[in-house]
Every structure is written in structure tokens, then in C-alpha cells.
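See structure below.
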Amino acid sequence: MTMNAVVGRMVLSRNLRSSHTTAAIAIANRNPSANMSEENGLNLSNIESTRATLPCSHCAAIVPDRNKVNVDTIDTTYERIDTYPEFPGLRSSAEAGCHLCGLLQRCLSTQASLDMDQGNTPPTELPSSSHHPARNLHVRINIQLSFISFTPVSGGGRFILEGFPPQYNGVVNTMSVRYKPVAGPLKRKDGSAWGARFEFGIFDSPDLLAPKLERRRRPPSLSSLSDENIELMQRWIHECRSKHSKCLGSGRWLPTRLLEINYDGNNLDLRLVETSKESLDEESPFAALSHMWGNMKENPPLRTMSFNYYRLTELIPGKDLPRNFLDAALVCARLGIRYLWIDSLCIVQDSAEDWRHEAALMHLVYRHALVTIVATSATSCHDGFLQRSIDKVPAAKMAYTIRYQKQEGEAEKQHNQYLIAYHYENVEDNYRMFLINSSEWNTRGWTMQERSLSTRSIHFCRNRIFFECRGCLGSEDNDPAQESDLINDPLWPRSTTMSFDELYQHWQLFLAMYCDRNLTVATDKLPAIQSVAAEMATAAKCEYIPYAGLWRHNLRRELLWNPSSFDTATRPTQWRAPSWSWASIEGDINFWQRSFRSAASSATGSLFFRLARHPLEVLDTDVAYPNPESATRGFVKLKVLVKRVDKIHRCQESLPKREFFPYNLSTTIEGSSQAFAHGKLDVDDEEKAVRDDSSSLVYMHVNEDTRATGLLLREVPQATDTKITSGELLWRRVGIATLFVDRSEPAIMEESFSDDDNATTVMLI
């Protein structure tokens, strides 16, 4: 949001060939006077050009005095006692001309009633009437303001004074309204206290009138593609390309196919082009679209197929485009970008060969795209993402007076200022973190790598646009980025000097977040991260196993992944990865494996010492794309120590150190069965099947340094598998295990492996 903003309009066609295209463009560029809030006439689209009203005696206490900032809040002396549910005091002040009281009254009446109804407050605890269980309840209302700094607080704890009127190195961005019963806590039936808080967005005049453009705020435009928004997006892209070393590309590159945009100001059409056959040079900029496809059964997107390929290379009329595609093309046309990449159109969807080839190049698409256009607010390709409802957001503009010293030693001077308060129906619309990270788009599996690999992205959210790159975070209203926006940065690092271990930390975090996401097609689990793996493989110069999602040289550490204890793991109904891959499990996965033991602290002849003599050795792996008909599909052949498991049973004792490894694994030593390891199954529902077949179980040792030291394997029954003809034993992973009591404590049984034990070959599928 900015200041002194003139609502931009995009002048487009009046005579478009298709009613579909006409409707989409009209939504993107509505008349500023249309659809204005009928309730009060004041809304976020017209409030800035409205004269600020004088506050009532209560609202005069709402002064954003930045000298009083306490970390990130400004307390005010506002306090008002009013009566629920009508709040007649606020209504009376509103009728007398205080616009802010009118806004408060409407929002409090709605919010407090919802809060009351949801709690099912019993009539016996509140004054009752035939209409509501709590009429004429006296409520205390208080107000606090929030402050976000541009940079951290200086050493003395004071914000830097900059500009005049001063911003104090930050902006006032929200107003928190708290309400509760005057008589004290009021309990609902569920035991919770009635009373809560809700927030208004705020624009303060020192921020709207800031002398520096990079510190100046403005309200959002009525149109997503207003002139000022187009100028802002172009500035974001230009500054990123010219100033951000982290975002610099690695030469020029073009995808196999692009969509050529033909737009004459009236009509918009696309054409599928093969870049090698057109007169395109590698300097030709293109944009990429990241979006949700939606319901593939009921309303799939327009797709390139073998049967319509030639037709799409001739012409794709605007009327045939899903709304997301049309909106993305309009964004490109306004930004001066002639070419666009959309997955469903630039990959031949019914060709497995083309899909595999293009999927392997997808990381280059998002790396080399001038910008990725993100349909963050859309939940299907038919939704569109340029629509706005700014003229439905109620707002108020209030004058206030504050005293400042311009220079130290000078007398205080009175300054007349104003603030704009507005209220989104959904409070999360005030925050980037919710609009992007909590969006439906951000829950999808494929969009994770699209976001992570993009050089720069523009997110089209409800009523606001945001910019994201490795050098900065930008917003249409110019809100400073908050800490919640900066932690767990989802963007994949661009560095030629990072080691594998450094990149692997990012990989583990990436996978942990990815496993929480949803896929329409379950077998896309590994293809949907293939591009991130390709980036890492290129940077770290290491071999990735695409059918397992693991790194060959790092298997000693990675084989010990485990399902989260806070989630119930299941197996997908269709094969998508071998049992030793984390992708064979549906659910949250833990990848962190810290080292707890070392040879230096282990005596010669100890179990740790004997295990260290036989490190896991990778002998062979399957081809990159395994034959689905093969009995050994997705195999890894290892040379490792193994121990036969005679019995597996759940520990009956409720011991704190056994919560993670609840099973005892026993083997026969000197004629008696003894527990030598503690284990955990990958899928709890498989307990009975594993227990009943304990004679076909082995412990396979992987790494003595870590908390989990090995895998629990189950033999694949060859008699029932007609594909197996070689007679070679095949094994599947069913869990993990440890040979030690806890992280650094003694072995469960020192004699579990002896000096005479040697490594053997294991074929794991």
C-alpha cells in the first residue's frame, strides 16, 4: 500500500472477440466507482482522497507516537466502556461524525457476536433475553498499535530518527482492538473466557508521505494491473537483475517450447512455438506460471496433447484459455514480456518421453524465467487471480495531532497528521505469511520446487501483490518484511562455493516441508522434486538416485530416515519408490541424523569398534528409471553386517527411553534368545504381519555413529512372487533399529556382533 496513490486503471479493449476474454479483462480493470460498499460509502479504494475527520474524545487517544515504541508495539490511552451487542456509545459517536467509531461499531458487533455464539455461553452466567443469552453486557475496549522496523534496533535501544515527520526507522501497520467484560472473566461452557481481539490494518501519514520511495507506503490499487502496480513490478524486476548478486543468472537458456503472446490492446491470443525453429535468440525474455491445476476429473486445464499439437502451434484463441492462463498472459503483455511458459501447454501431456525430458529441465525453466507469475490466490486454473475487492473493504480516515522535536534542543512543534484504518473480513489478509505460506497453492507438492527454484516471483494474492527473490521481499503496500517472513526461507540457495554438507542441510529442510504437501497423483512424489535435486547435483557434483530421492555417496546417513512419531505413516496403494526410500511412505518424515558416538571414545574390542571395521559399502544401484516389470525394481545392492532376528515383540514397560524404539529385537546366542536391539516399525499397522513372520527378519547395520544404527528388513517371499527367478534373496525395509540403549550409552548387548562376523551382500528393493 502507498501514499498519495491515484487508483491506476488499465485501459484495455472494448471490442474483444470473446466474451470470456472480455469478462477476464474487465475483472482485472474494474471502474473505481463501481461496486462501492453500499453500507457507508467509505472503503479502501476511495479513502485516501477523502478528507480526514476529527476524532471523538475517545478516539483522540489513538495517537501513533513513535517515541513510545516498546519493541514492536505502541500503547495508547484509548479505553471505552460500551454495551454488547449493539455498542450504542460507538454508534452515537459515529452518527456525530467520527468515522473510526462507525468502523469499530460495525466490526465489534459482528466479531463479539460470533465470539459469543461460538462459545455457547450459558444463559445462567449472563443477563438473558429472548433474543440473545447476553444482552446489555458492559464491555471494556482498549486499543494498541503495532510497529514494524525496517532494520534492527540500534545499540542504544532507540530507533533511528529519519525523515520528517519522522518514521523512526519503521512503519505503523496494524491496530489491535481488545474487548472483554467489565465485571471480570466470563466463562463459556467450554471453559474458555469470552472476549478477544481483532485487528485493523493501518496506514499512518508519516509512512504515506515518507521522502524516500523505498520507505513510502501506499494503499493497494483497485486494479491488480494498475499503472502504478505495473511500474512497481517492473522496478522490482529491474532492481533484482541489476543489484542482487544472489539472483544473477548463469547465462541464457530457452525452454523447448514457449507460448507467444499476441496482444494488440483489444484482442489476446497465444501460439505454441518451438524455440529451436523460431527466430528467437537466447536473449528473448520469458515468464513462467506457477499455479494449481484444480480438479482434473471434472474440469481439467487446457493441455497440449498429441492430437491437438499442430492446432495449438497455429493459434490458441483467448476464449479457449482458462482464467489463470489468460490472466498470466495479460500480466506479461502489460510488463512487455512476449513469451510465457505454462506446464500443461509447453509439455506434451500424453507423451511419457516428452514429459520425462521436460521434467528434467524444469529447474532451468524457473531459473531462467525473467519472472515467475504465481497465481497464489487461485485454487484451480479456472479461478483467475487478478480479481480484487478493494472497494468492499470498509475504511476510515482520522486526523490526529502529535508533537515532535525536529532537532535536539528545539522546542516541540505541533503537527497535524492522519491515519487510515481498514478492516479485511479475513484478518490473515493483513499478513504476507498467511497470504502466501497459508494459501492452498502453497500446500501442493509441485509448487514447492517451482517456488524454491524461481529466480524471482510475483505473488498475486487477495487484494495485494508480493515480490520474492533471494535479495529482497517486496509488497504492494511496502510493508517491511517481518521475522516470520524471513525464517525458513523456501528459496533454494544459488552458490557455487557451498559444500555438499551445506546444501544437504537445505535439502533436509526442503524435504521436511515437502512431505507435508499434497499431490493429486501419488506417484509424482519424486518427480515433483527432481528439479531441486538437479540443482543440487550440479552445484555439489554428486550422484542423485532419482527413483529413491537419496544421494548415492550419502546412503550411510540417509538410509536411516524415519517416519515422524507425531504422524501416522501409511504406504501408498501404488509403487512409487523402493522400500528403502522415504518416498515409499505417506506421512511426515524425519531426516536428521546426528552423530552421538565416535571411535575415539570406544575401547578396542568393543561393539562399536567391531562395527566400525565393516562400513556400509554400496555395490550397485538400479538404472535411473527402473523397469516396472522387474522383480528387482529400484534395487540397491549393499555389502553390510546383518544379524538374524528370531523374535520381535513390543516392550510392555513404559520407559521414557523406549518411546521411540518400542520393540525388542531378539536373536539366538549360545542357545538362548536374547534382545540385542530396539526397533521401530515404519508403518504401525504392519505390526501383526511382521510379528507373525519374524523368522524372515534381519537387522542390517548401517551406521554405528547415529541414534538409529540400522534397518529392520523382511525377506521377500520368492515362492509367491513369479517375477523372481534368480533365486537371489531380496529384502524390503520395514523399520529402523538401534544397537545402543540411547544416544551415547552402552550397547544393548555387546556380543551382538563378534570379531568373526563378516559383511555380506544384501539386495534391498
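How many of the residues making up segment 284-293 are surrounded by fewer than 19 Cβ atoms within 10 Å (Cβ to Cβ) and among the small types (Gly, Ala, Ser)?
Selection size over segment 284-293: 1.
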Is there a residue in segment 346-365 that is within 17 Å of residue 254 (Cα to Cα), at pLDDT 95 or above and among the hydroxyl-bearing types (Ser, Thr, Tyr)?
no
Can you find even one residue in segment 542-558 that is of a type in the set (Val, Ile, Thr) and within 16 Å of residue 502 (Cα to Cα)?
no
Among the residues of segment 67-95, what is the count of those that are surrounded by 14 or more Cβ atoms within 10 Å (Cβ to Cβ), acidic (Asp, Glu) and in a strand (DSSP E or B)?
1
Matching residues in segment 253-273 - criterion: being of a type outside the set (A, V, I, L, M, F, W, C), open to solvent by less than 60 Å² (accessible area, probe 1.4 Å), in a strand (DSSP E or B) and in contact (Cβ under 8 Å) with a residue 60 or more places away in the chain
257, 260
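Each row is one residue, and each column tells you yes or no for (1) farther than 19 Å from residue 716 by Cα; (2) open to solvent by less than 70 Å² (accessible area, probe 1.4 Å).
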| site | (1), (2) |
| --- | --- |
| 603 | yes, yes |
| 606 | yes, yes |
| 612 | yes, yes |
| 639 | no, no |
| 649 | yes, yes |
| 662 | yes, yes |
| 673 | yes, no |
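Among the residues of segment 664-672, is any modelled with pLDDT under 90 and of a type in the set (Val, Ile, Thr)? Talk me through it step by step, then tell me what you get.
As a first pass, look at segment 664-672 and keep what is modelled with pLDDT under 90: 668-672.
Those left that are additionally of a type in the set (Val, Ile, Thr): 668-669.
Taking every residue of segment 664-672 in turn, at least one turns out to be modelled with pLDDT under 90 and of a type in the set (Val, Ile, Thr).
Here is a yes/no grid of residues against (1) crowded, with 23+ Cβ neighbours inside 10 Å; (2) farther than 15 Å from residue 421 by Cβ; (3) modelled with pLDDT of 95 or more; (4) not β-branched (Val, Ile, Thr):
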site: 193; (1), (2), (3), (4): no, yes, no, yes
site: 199; (1), (2), (3), (4): no, no, no, yes
site: 214; (1), (2), (3), (4): no, yes, no, yes
site: 234; (1), (2), (3), (4): no, yes, yes, yes
Any chance segment 72-82 includes a residue that's over 19 Å from residue 197 (Cβ atoms) and either under 38 Å from the mean Cα position of the chain (by Cα) or modelled with pLDDT under 95 (or both)?
no
Please go through segment 338-356 and pick out each residue that is open to solvent by 70 Å² or more (accessible area, probe 1.4 Å) and outside any helix (DSSP H, G or I).
338, 350
For segment 375-386, check the following and say yes or no: at least one residue is among the acidic types (Asp, Glu), assigned to a helix (DSSP H, G or I) and surrounded by 17 or more Cβ atoms within 10 Å (Cβ to Cβ).
no
Going through segment 571-595 in order, the residues found to be open to solvent by 60 Å² or more (accessible area, probe 1.4 Å) and either of a type in the set (Ser, Thr, Tyr) or part of a loop (DSSP other than H, G, I, E, B) (or both) are 571, 573, 574, 575, 592, 594, 595
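Conditions (1) part of a loop (DSSP other than H, G, I, E, B); (2) more than 25 Å from residue 707 (Cα to Cα); (3) touching a His at 6+ places or on another chain (Cβ under 6 Å); (4) open to solvent by 30 Å² or more (accessible area, probe 1.4 Å), marked per residue:
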position: 520; (1), (2), (3), (4): yes, yes, no, yes
position: 529; (1), (2), (3), (4): no, yes, no, no
position: 532; (1), (2), (3), (4): no, yes, no, no
position: 535; (1), (2), (3), (4): no, yes, yes, no
position: 538; (1), (2), (3), (4): no, yes, no, yes
position: 547; (1), (2), (3), (4): yes, yes, no, no
position: 556; (1), (2), (3), (4): no, no, no, yes
position: 560; (1), (2), (3), (4): yes, no, no, no
So if I check each of 503, 491, which one is part of a loop (DSSP other than H, G, I, E, B) and of a type in the set (A, V, I, L, M)?
491
Going by what's in this entry, would residue 303 be described as within 27 Å of the chain's Cα centre (by Cα), more than 19 Å from residue 385 (Cβ to Cβ), open to solvent by 20 Å² or more (accessible area, probe 1.4 Å) and not hydroxyl-bearing (Ser, Thr, Tyr)?
yes
In the set 682, 705, the lone residue that is open to solvent by less than 40 Å² (accessible area, probe 1.4 Å), at pLDDT below 90, over 16 Å from residue 748 (Cβ atoms) and under 35 Å from the mean Cα position of the chain (by Cα) is 705
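The values are calculated or read from the model by the stated rules, or taken from the named source; none is laboratory data. Keep in mind the model is a prediction, meaning the values are calculated, not measured. Positions of Cβ are generated from backbone atoms using ideal geometry, with glycine treated the same way; all protein chains shown enter the neighbour counts. For the accessible areas, the whole protein counts, side chains as well, though only heavy atoms, and no ligand, DNA or RNA atoms are used. Shrake-Rupley method; radii C 1.70, N 1.55, O 1.52, S 1.80 Å.
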